[in-house]
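Accompanying notes for the structure given below.
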């Protein structure tokens, strides 16, 4: 079993519902869903192109999946994550947009968001003590020969190349897409997601996600509200 610390909107948020339908799985309940009807794309194509993000569920990772250190427990992780989340005030991402990262598509902030960068860096540092050391196989899967010097240093220090200054917040909605298929996939993504991307996205919870068995799907284990309890009650 692995854990990950992420952001994902509440289960009832329109963005969560649209993303669950597109990916074919609800990250909260684990329920499998029928893909939407999209002109120009078959349901088999959608299922194929969403296979990777469907396993991980709709989320933006802040601390990538990790095995729990032998001297740490899930109850300790839950307690510390609840405490930690309460020290950060909720904030907004002004807007998310469909964007391409390499060969796959994600939802990404339309403008730099310092708060999400800071939150992610703080989570990586605060919870690294919970992470079991990487195995040699883990390191090899990260393709160390293809990393920059900074990414290579991050891999060995934090267990993930893409943290700190290398971090870019994104919420994947496809796997790797062939260049020939990109125009059709991007058009479909815009039709499906843009109606729910018009408003700012509130970041008011940190999600603990767990992997169901070795190599299984991830789901939301718990949401940890940000901000002081008294402030949340007033709001």
Original post:
Name the residues in segment 13-28 that are touching a strand residue (DSSP E or B) at 6+ places or on another chain (Cβ under 7 Å), over 25 Å from residue 117 (Cα atoms) and part of a loop (DSSP other than H, G, I, E, B), would you?
Top reply: 24
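Collect the residues in segment 194-207 that are surrounded by 14 or more Cβ atoms within 10 Å (Cβ to Cβ) and touching a strand residue (DSSP E or B) at 6+ places or on another chain (Cβ under 6 Å), keeping them in residue-number order. If you could, list the steps in order and put the result at the bottom.
As a first pass, look at segment 194-207 and keep what is surrounded by 14 or more Cβ atoms within 10 Å (Cβ to Cβ): 196-197, 201-207.
Matches in segment 194-207: 197, 201, 202, 203, 205, 206, 207.
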Original post:
Within segment 61-93, can you find the residues that are in contact with a helix residue (DSSP H, G or I) (Cβ under 8 Å, 6 or more places away or on another chain), in contact (Cβ under 8 Å) with a residue 60 or more places away in the chain and under 18 Å from residue 127 (Cα atoms)?
Top reply: 62, 63, 66, 68, 69, 77, 84, 86, 88
Subject >> Out of 94, 103, sole residue that is over 15 Å from the mean Cα position of the chain (by Cα), surrounded by fewer than 14 Cβ atoms within 10 Å (Cβ to Cβ) and within 30 Å of residue 139 (Cα to Cα) >> reply: 103
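Could you say which residue among 146, 159 is surrounded by fewer than 18 Cβ atoms within 10 Å (Cβ to Cβ) and farther than 19 Å from residue 8 by Cβ? Explain how you work it out, then say what you get.
Values: 159 fails: surrounded by fewer than 18 Cβ atoms within 10 Å (Cβ to Cβ).
None of the other options fit; the residue is 146.
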Subject >> Residues (touching a residue at least 24 places away in the same chain (Cβ under 8 Å) and either surrounded by 13 or more Cβ atoms within 10 Å (Cβ to Cβ) or assigned to a strand (DSSP E or B) (or both)) located in segment 29-44 >> reply: 30, 36, 38, 41
Original post:
Can you pull out the helices (runs of 4 or more DSSP H) entirely within segment 104-199 that have at least 3 residues that are in contact with a helix residue (DSSP H, G or I) (Cβ under 9 Å, 6 or more places away or on another chain)?
Top reply: 114-126, 149-158, 182-193
**OP:** Return yes when residue 16 is at negative phi and without any contact (Cβ under 8 Å) to a residue 24 or more places away in the chain and no when it is not.
**Re:** no
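If I ask for residues that are crowded, with 20+ Cβ neighbours inside 10 Å and either more than 20 Å from the chain's Cα centre (by Cα) or not in a strand (DSSP E or B) (or both), which ones from segment 51-76 would you list? Walk me through how you get there before you give the answer.
Going residue by residue through segment 51-76, those that are crowded, with 20+ Cβ neighbours inside 10 Å are 53-54, 56-63, 66.
Correct list: 53, 54, 56, 57, 58, 59.
No lab work stands behind these numbers, since they all come straight from the coordinates. Since we're looking at a predicted model, the values are computed, not measured. Glycine gets a Cβ as well: all are built from the backbone with ideal geometry, and neighbour counts include every protein chain shown.
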